[in-house]
1. Output needed for the chain: three equivalent-ellipsoid semi-axes, defined as square roots of 5 times the C-alpha gyration tensor eigenvalues, in descending order, whole Å.
2. From the helices alone, meaning DSSP H stretches of at least four residues, give me the mean residue ellipticity at 222 nm for the chain, per-run term -39500 (n - 2.57), in deg cm²/dmol to the nearest 500.
3. Relative contact order of the range 115-203: what whole-number percent is it, with Cα pairs under 8 angstrom and at least 6 residues apart?
4. On a C-alpha basis, how far is the centre of the range 145-206 from the centre of the range 288-306 in Å? Whole number, if you could?
5. Mind running the shape call on the range 43-198? Use the C-alpha gyration tensor, a ≥ b ≥ c as the square roots of the eigenvalues: rounded below 1.5 for a/c, prolate if a/b tops b/c, oblate otherwise.
6. Hey, can you grab everything whose amide H is under 5 Å from the amide H of A354? Only 5+ residues off in sequence or another chain; H modelled, so Pro and N-termini drop out.
7. Can you compute the modelled spin-label distance between R80 and S348, with each label point 7 Å from Cα toward Cβ, in nm?
8. Let me know the whole percent of all Cα-Cα pairs from the range 234-297 that are separated by more than 16 Å.
Amino acid sequence: MAQEELSRLKIDKQRSGKRPAWKKLVIAFSVVSAVVVVAVLFFRGIFAPTVEVECATVSLIYPSQTFTLLNASGYVVAQRKAAVASKATGRLEWLGVEEGSRVRNGDILARLENRDALAVRDQAAAALVTSRFTLDEAKSELQDATLNYGRQKDLLGQGITARADFDVAEARYRRAQAAVSGATSAIKGAEAALRGGEVALEYTLIRAPFDGVVLTKNADVGDIVTPLGAAANAKAAVVTLADMDSLMVETDVSEANLEKVQVGHPCEILLDAFSEIRFRGVVHTIVPTADRSKATVMVKVRFVDKDRRILPEMSAKVAFLERPVTPAEQRPRTALNPAAISTRNGGSVVFKVAGEKAVQTTIRLGSKLGELQEVISGVKAGDKIVLKPLDKIVDNSRIKVAEK
C-alpha cells in the first residue's frame, strides 16, 4: 500500500522533458525579436558608446563682413552743437521747450523778464515820434523863413527896405535851416535809440540758432540767467541744442592701420542700441593730428541715411569696407563652418546638438561667404552643430561636448 503511494509521487522524466511545439515557436520568436531590437538600438546609438565631439554655432552674418578692411569703435557726435544762452542778465520767466523738442532756426525757446527793456523800447519809440514832429515844425519854419528871406532880398535890391531888416530875415533863414538839420539828426538818433531798445528787448528772447533738437534743459523758470554765470546759483545756458543732421561717428584708428582708410570710402555703422540694423556710412574726414598717448588718429564717418533713432553719444562700431554694399547684401545671412557639413545619401547634412544626442538634419546650401558657408534652410542662427569627428557620428548618436 505504501509502496503504491510512493510510486505515484515519482516524476515521469520521459513525459516532463517534452514541450509542446507552440511553446518552442514562442521562445524562438522572442529571441529573434530581442536580437533585432538590440541591433536597431545599437544602430541608432542607444547602446553605442558616447562620442566626445567639438561643436560650432550657426551664426547670422552680413555679407559685408567678408570684404571688411578694418573695424573700429567710437561714438555718435553732433558736429554742430550749442549751449544756448542770453546776452542779457535776468530771471527766466518762460521756457517753451523740453528735452527732445525739435525746433527751427529762429524759434523762441525761452524768455527773460523784459519789462525794463520794453519800457526803454517804448521810450525810444516815443522820442522818435517827437523828433519827427519837431522836424515837421522846423520844416514849416524853414519854409516861412525862406519866403521872408526872398522878399527882403528883392526889396533890398530895389532899395525899398533897410539893410538891417534883410539881415534879420537872413539870420532867421539860417536858423531855420539849422533847425531842420538838427531835427533830422535827432530823428536818426531816436531811430538808433529805438533799434537799441529793440535789440535789448531781443536779448531777453532766447532763440534757436539753427534747426535742431533740445538735448538738455539747463535752467528752469525762476532761475537767474547771466552770460558769464559767475553769480551764485546763476545759469549761463538755458538749453543745449544739437543739429541732428550733423551727426557723425568719431572713431579712433591706429596709426598702423591708417593707410586702409581714405576719405570717401564706404563704411557700415553698427549701433549698440540697434544691433540688427546696419547703417550706411562714408568716411567724411581724417582729422590731421594724432593722439600720441594712444597712437591713434580720429576719423569722422558720416551717415548716408538719416534716421531719427540715431542720437548723440550712442556707442558705435564702424566697418571700413573695400567697396559699397549692394542692396542684396544688406540683409543678414545664416552661415556655418563648412567643416560641419557631411554628405549622406547624396544630400548635405549637419548634426544638430539636442541635449546629449546628435540629430542628423538635412540642409540646403547657398553661396560662399568668405570662410563660411551660407545655409538657406535646415538650421537657424544660434543652433549648435557637431564640428568633428563626423565619421563617428550617426543619427541620434550619444555625444559629449568637449570642454575647451
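None of the figures in this text is laboratory data; all of them are computed from the coordinates on show. Just so it is clear, the model here is predicted, and its values are computed rather than measured. For neighbour counting, all protein chains shown are included, and Cβ atoms are generated from backbone atoms with ideal geometry for every residue, glycine included.
1. 104, 27, 18
2. Numbers: 5 runs with 120 residues, N = 404.
After summing the helix terms and dividing by residue count, I get -10500 deg cm²/dmol.
3. Working: 73 pairs, mean separation 48.4, N = 89.
Over the range 115-203, the number comes to 54 percent.
4. 67
5. Working: a/c = 8.77, a/b = 4.44, b/c = 1.97.
Prolate is the answer for the range 43-198, as a/c is 1.5 or above and a/b outweighs b/c.
6. The list, which skips near neighbours in sequence, is V359.
7. 5.1
8. Values: 1240 of 2016 pairs.
Tail of the P(r) past 16 Å holds 62 percent of the pairs.
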